[in-house]
Amino acid sequence: MKRYLIFGAIGPFVGGFLMLFATTVASGYWTDTNWSEIGKFLGAFAKTLQYSYLFGIVPALMIGAIDDILCNVKRISPLVRVLIVAAIGFAASELLYGSRGPDTGVLQFLLYGIVGMVPAGLSSWLAHKYVDTPQPVHST
């Protein structure tokens, strides 16, 4: 259950931030950047955070379920599991968002792929670090 809490809390937050970043890069927002523009960007992120959780909680929990299934396969090491989950996150977000908008190309492919890869890999690593550790056995 802790694994799903990690994926549900971290995934939409990081994914929403990266999605906003990817769309602003694709639109050309970062061509003339100063501190006020960065403040506007962070303000927009704070205002849209609720929508990141609204639309991102189910995909994050689905990736968490894949991580949970892979966790039960003893032959897969934790590093390989993190890489598999990150690759699945990359592919899923690229298929969902990659062909949107007028611009297509390598930059858009990478930006929208990273939107799913980073939260999935980070959540899988955190789940391994804090959930998969064996609990000490207490004598009774």
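Checking residue 24 against (1) of a type in the set (Val, Ile, Thr); (2) under 17 Å from residue 129 (Cα atoms); (3) assigned to a helix (DSSP H, G or I), only one condition comes out false. Which one?
The number of the failed condition is (2).
Have a look at 38, 66 and point out the one that is modelled with pLDDT of 95 or more and over 15 Å from residue 15 (Cβ atoms).
66
Can you find a residue in the stretch 55-77 that is β-branched (Val, Ile, Thr), assigned to a loop (DSSP other than H, G, I, E, B) and surrounded by 12 or more Cβ atoms within 10 Å (Cβ to Cβ)?
yes
Go through the stretch 5-49 residue by residue and tally those that are open to solvent by 70 Å² or more (accessible area, probe 1.4 Å), within 25 Å of residue 124 (Cβ to Cβ), more than 11 Å from the chain's Cα centre (by Cα) and of a type outside the set (A, V, I, L, M).
Total meeting the criteria: 1.
Out of all the residues in the stretch 80-124, which are open to solvent by 80 Å² or more (accessible area, probe 1.4 Å) and at pLDDT 95 or above?
Hit for the stretch 80-124 is 83, nothing else.
Under 7 Å between Cβ atoms, which residue pairs at least 6 apart in sequence (or on different chains) link something in the stretch 104-129 that is of a type in the set (Ser, Thr, Tyr) with a partner that is assigned to a loop (DSSP other than H, G, I, E, B)?
112/98
The values are calculated or read from the model by the stated rules, or taken from the named source; none is laboratory data. None of the values given here were measured: they were computed from a predicted structure. Neighbour counts are summed over all protein chains in view; Cβ atoms, including those assigned to glycine, are modelled from backbone coordinates with ideal geometry. Just the protein is used for accessible areas: all its heavy atoms, side chains included, with ligands, DNA and RNA removed. Shrake-Rupley method; radii C 1.70, N 1.55, O 1.52, S 1.80 Å.
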